[in-house]
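Accompanying notes for the structure given below.
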Amino acid sequence: MRRIATILLPGLLVLGVLGVLSACGPSAGPGGLGGGHSGPPGGMPPLPVEAVTLKLQPLAAGLQTVGSLRADESVVVRPEIAGRISKIHFTEGGHVAAGEPLFTLDGSLGQASLNEAAANLENSRRAAERAQQLVAQKLIAQSDYDKARAQFGVDQARVASARAMLSKMTLSAPFPGQVGLREVSVGDFVNVGQDLVKLVRLDPIEVDFSVPENALTQIRNGQKINVGVDAYPNDVFSGTVVAIDPAIDATTRSAKLRAQIANPDGRLRPGQFAKLQLDTGTGNVDALMVPEQALMQDGDVRFVYTIVAGKAKRAEVKTGVRVPGLVQVVTGLNAGDVVITAGQTKPIMHEGLDVKPLPPEGSAPPSGPPAQPSGTAAKQG
């Protein structure tokens, strides 16, 4: 009997352990090992993302895009020869005419070189005249006369070179415009190519911008364009398209354009951010607009991530018109699609990942009775 009890005891222990495990299986309540978890495989919670639901929005007539203002002409004044600045002829921020002197370098050495070259030229001129008379009288050889004439030509070239070097001591404005802040003062020694001051022409001013390649059929030289800048939110500046780049950017699939805007009062400045609208002669249309931060690029393919049944889904899109902060989607999406606008750039993002859209910013918290403080029992009715 003692041997039978020894054999039965381990068996009973195994049955007891199996009973406990079965009680904690999938049929157990929320506190069990298999209870009620509906998250992604591996126990990871859904990735929180921000998203918007697309709807048709009215798109104003014409193409809308953004660009940057640039000077019609712009140059940094630099000396071609080294020297010491003896005079500055302009006022910083002032206007100058074409050909007006800006800087004068000390030209004493240049003037001395010119004087020496001129004296040598006079001597060689007289020598050439005497040689001409003597060769006519057969008193010197023709070769001696040729040498005198050659020396006269060399001295003429030296005078021209000295005069050109002396003229470079004065730096003049190549076109009318407005000078910036000078980098040097009177008495400074400047080297060849050193920046002295910037000169720009502000009237007319230009704006560079891009349009998608599918809009090129609506663009032409001379086309009217309206421009707005943040500095003057209530003003609209008119201009015309003056140049269209013949090449398409292989990365963005867009073409670069340049327009000119009259700027007689100089209110517009190079580098300003500009919002543009081109008159294409088309009426208002309804379009799907997505926030530009939702767009992603994979080589030549543009795509976004949408949310379908709680999972991320990649959707390739073709874009159209750009407006500040938004991009038109021509194909690939429909009204009602939920597009992820933040969180889609995280490394773990992929097709089929469980995601959870965050509530809109500023939304009210869920309604319902307040939670009981930890460790406090609810009162019984």
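Of all residue pairs spaced 6 or more apart or on separate chains, those with beta-carbon atoms under 7 Å, a first member in region 335-349 that is surrounded by 11 or more Cβ atoms within 10 Å (Cβ to Cβ) and a second member that is aromatic (Phe, Trp, Tyr) are ILE340/TYR305; GLN344/TYR305; MET349/TYR305. When GLY332 is tested against (1) surrounded by 15 or more Cβ atoms within 10 Å (Cβ to Cβ); (2) farther than 18 Å from ARG253 by Cβ; (3) small (Gly, Ala, Ser), only condition (2) is not met. Scanning region 134-181 for residues that are among the β-branched types (Val, Ile, Thr) and in contact with a strand residue (DSSP E or B) (Cβ under 6 Å, 6 or more places away or on another chain) gives THR170, VAL179. Within the option set GLY310, GLY325, GLY332, being in contact with a strand residue (DSSP E or B) (Cβ under 8 Å, 6 or more places away or on another chain), under 27 Å from LYS224 (Cα atoms) and not basic (Lys, Arg) holds for one residue only, GLY325. Listed by position, the strands (runs of 3 or more DSSP E) inside region 1-112 whose residues that are at pLDDT below 90, loosely packed, with under 14 Cβ neighbours inside 10 Å and out of contact with any Gly (no Cβ under 8 Å at 6 or more places or on another chain) number at least 1 are 56-59. Is it the case, given these coordinates, that SER167 is farther than 30 Å from GLY94 by Cβ and at pLDDT below 95? So SER167 fails the test. For region 259-297, the set of residues classified as over 19 Å from THR240 (Cβ atoms) and modelled with pLDDT under 85 consists of GLY283, ASN284, VAL285, ASP286, ALA287, listed by residue number. Among the strands (runs of 3 or more DSSP E) confined to region 300-373, the ones with at least 3 residues that are modelled with pLDDT under 90 and not charged (D, E, K, R) are located at 311-323, 326-331.
In region 202-223 there is at least one residue that is in the same structural domain as PRO264 (by TED's automatic domain parsing) and among the basic types (Lys, Arg). The residues in region 285-306 that are surrounded by 16 or more Cβ atoms within 10 Å (Cβ to Cβ) and polar (S, T, N, Q) can be counted, and the count is 1. Scanning region 227-256 for residues that are in contact with a helix residue (DSSP H, G or I) (Cβ under 7 Å, 6 or more places away or on another chain) and among the hydroxyl-bearing types (Ser, Thr, Tyr) returns a single hit, SER254. Candidates ALA274, ALA231: the one that is assigned to a strand (DSSP E or B) and either in contact (Cβ under 8 Å) with a residue 40 or more places away in the chain or out of contact with any strand residue (DSSP E or B) (no Cβ under 8 Å at 6 or more places or on another chain) (or both) is ALA274. Within region 202-222, work out how many residues are surrounded by 20 or more Cβ atoms within 10 Å (Cβ to Cβ) and over 19 Å from VAL323 (Cα atoms). Total meeting the criteria: 3. Select, from VAL154, VAL192, the only residue that is in contact with an Asp or Glu (Cβ under 8 Å, 6 or more places away or on another chain) and of a type in the set (A, V, I, L, M). One residue alone meets the criteria, VAL192.
The values are calculated or read from the model by the stated rules, or taken from the named source; none is laboratory data. Predicted, not measured: the structure shown is a model, and the values here were computed from it. Every residue, glycine among them, receives a Cβ derived from its backbone with ideal geometry; neighbour counts consider all protein chains shown.
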